[in-house]
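Worksheet: one structure, shown below.
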Amino acid sequence: MKTRRLRYIRRVLLSRRAWRVRGAFLLGALAVGLVSSVFGVLSEQANRLFAAIAEAAPMAPLLLTPLGLVLVVWLARRFFPGSEGSGINQVIAALELKNKDRFLTLRLAAGKILLTLIGQGCGASVGREGPTVHVAASIMYSMRRLARFPADYMARGMLLAGGAAGISAAFNTPLAGIIFAFEEMLRGFTPRLAGIVILSVLVSALVSMLLLGERYYFGTASAGPVQGLGPWLAVLLCGVVAGFAGGLFAFLILRLSRALAPLVASNGLGVAFVCGAVLVLMGVLTDYQVMGSGYDIARAVVVAGEAPEPLYPIYKFIASLASYLSGIPGGIFAPALSTGAGIGADLHRLLPLAPLDLMVLMAMVAYFAGAVKSPITGFVIVMEMTNDQNTLVALMAAAMVGYGVSFLLSPQPLYHSLARVLVEREERRE
């Protein structure tokens, strides 16, 4: 027994190789926290820049948005191929591919940040969360040069740790980052990988907290305890309506992406211009409220009770769909939460079964679960973003209802379906 214990100490605690591996993960997590924090600040500034331009010159977006999206697509194709879309699908695809350098390089990470910021500065309805996952995974993957360890261990550990740390840093939600890695990205879970993911998330979250302070994505909200029949009827209402809308969003992304693929291959810039025109039209109809990530609108509803106009979720839905189909880099997390918030506000107008903030939160998680097919991540993200645990059971129920209803339209997980397209394309190239 003593001999076995001594061997364990030498192999795990005193091994130079083991400490090099730990150092690689720690250094990667520190870099992820730093880069994600800077990216978050720049993303907010890009959204504010577009809002300032639209306010100073209301006609400017009519040219800025479609031409800006064309520029972003051209830059992506010319200098950063593989940077288009959310970025989560690229990370999932990289888990399955032998040649992971196709999607995970520091050059591509830099391009992802740059192009996402340009797109947001032009008014695209995209968020930074998916791109942050892509950037974080690329940073962690690059750390493999600092230590030698088995390929499968390196691939899964680095990519999963990067993806989890990216979600954690983007929303300041460490628990949601861990859950997202296991729920959405992980196949073949092992306890060894769990420790790596958790450590990386904690380190990156600590760095983000030190740089930006302790913050909540939507401020501190409290819908109070869920009591009585009304709120539970609201769970069903929000879950069914918002979950169906989220499933419709995923269904349209998958179907239209396949249908437009030949046209995108032959005339991608033209598709980007048309999508930009549709996007700016939605902006004109809402005084440009649907442009950008939608963070400000969602926060105003949750914290201040300032509901947007009744047609906001429809316009935001179309704006987010057009932004994604244009082929620019950008995530759907923040726009999805904003769309869900608008749906919740509308449902409260029609049937105020529960307080406004509670119905908004339930619709947010239901829409997110319906679109992304990650119900646990959805309600944990919203719970952590609002620092409100009183609504946890109601959010869980709304997420599961939305998740179940969405299968009527789109049974396939969105990111895994998009990743499968990338994997098949790369396999044909090989």
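Laboratory data are not the source of any read-out in this text; all were calculated from the coordinates shown. Just so we're clear, the structure is a prediction, and the values are computed from it rather than from any experiment. Glycine gets a Cβ as well: all are built from the backbone with ideal geometry, and neighbour counts include every protein chain shown.
Quick check on the exposure proxy: order Lys100, Lys373, Lys112 from fewest to most C-beta atoms within 10 angstrom.
So the residues, fewest neighbours to most, are Lys100, Lys373, Lys112.
Using a 10 Å cut-off around each Cβ, can you sort Ser204, Ser125 from fewest to most neighbouring Cβ atoms?
Fewest to most other Cβ atoms nearby, the residues stand as Ser125, Ser204.
Karplus couplings for the stretch 350-357 from phi (6.51 cos²θ - 1.76 cosθ + 1.60, θ = phi - 60°), rounded to Hz, Gly and Pro as x?
Per-residue couplings from phi come out as 7, 9, x, 6, 8, x, 4, 5 Hz.
For a footprinting-style exposure proxy, rank Thr286, Thr391 by other Cβ within 10 Å, fewest first.
Ranked by crowding around the Cβ, least crowded first: Thr286, Thr391.
Can you list residues whose amide H is under 5 Å from Gly127's amide H, if they're 5+ apart or on another chain and H is modeled 1.01 Å from N?
Distant-sequence amide H within range of Gly127: Gly331, Ile332, Phe333, Ala334.
Give me the extension gain from Ala110 to Leu67: residue separation times 0.36 nm, minus the current Cα-Cα distance, reported in nm with one decimal.
This chain segment gains 13.3 nm when fully extended.
In vacuum, with every alpha carbon of the stretch 229-429 counted as one equal point scatterer, what does the Debye formula give for log10 I(q)/I(0) at q = 0.16, 0.17 Å⁻¹? Two decimals, please.
-0.96, -1.06
Enumerate the calculated ³J(HN,Hα) couplings along the stretch 231-247 in order (Karplus 6.51 cos²θ - 1.76 cosθ + 1.60, θ = phi - 60°), each rounded to whole Hz, writing x wherever the residue is Gly or Pro.
x, 6, 5, 5, 4, 5, 4, 5, x, 5, 5, 5, x, 5, 5, x, x
Kindly provide the Kirkwood hydrodynamic radius of the stretch 242-309 in Å, to one decimal, from all pairs of distinct alpha carbon atoms.
14.3
Using alpha carbons only, how many angstrom separate the centre of the stretch 327-394 from the centre of the stretch 101-139?
Result: 24 Å between the Cα centres.
Can you work out the Karplus-derived ³J(HN,Hα) for every residue in the stretch 363-380? Use 6.51 cos²θ - 1.76 cosθ + 1.60 with θ = phi - 60°, whole Hz, and x for glycine or proline.
For the stretch 363-380, the Karplus-derived couplings read 5, 4, 5, 5, 5, 4, 5, x, 7, 9, 6, 10, x, 5, 4, x, 6, 6 Hz, x marking Gly and Pro.
If amide hydrogens are placed 1.01 Å from N in the peptide plane, which non-local residues have theirs closer than 5 Å to the one on Gly85?
Ile328, Gly330
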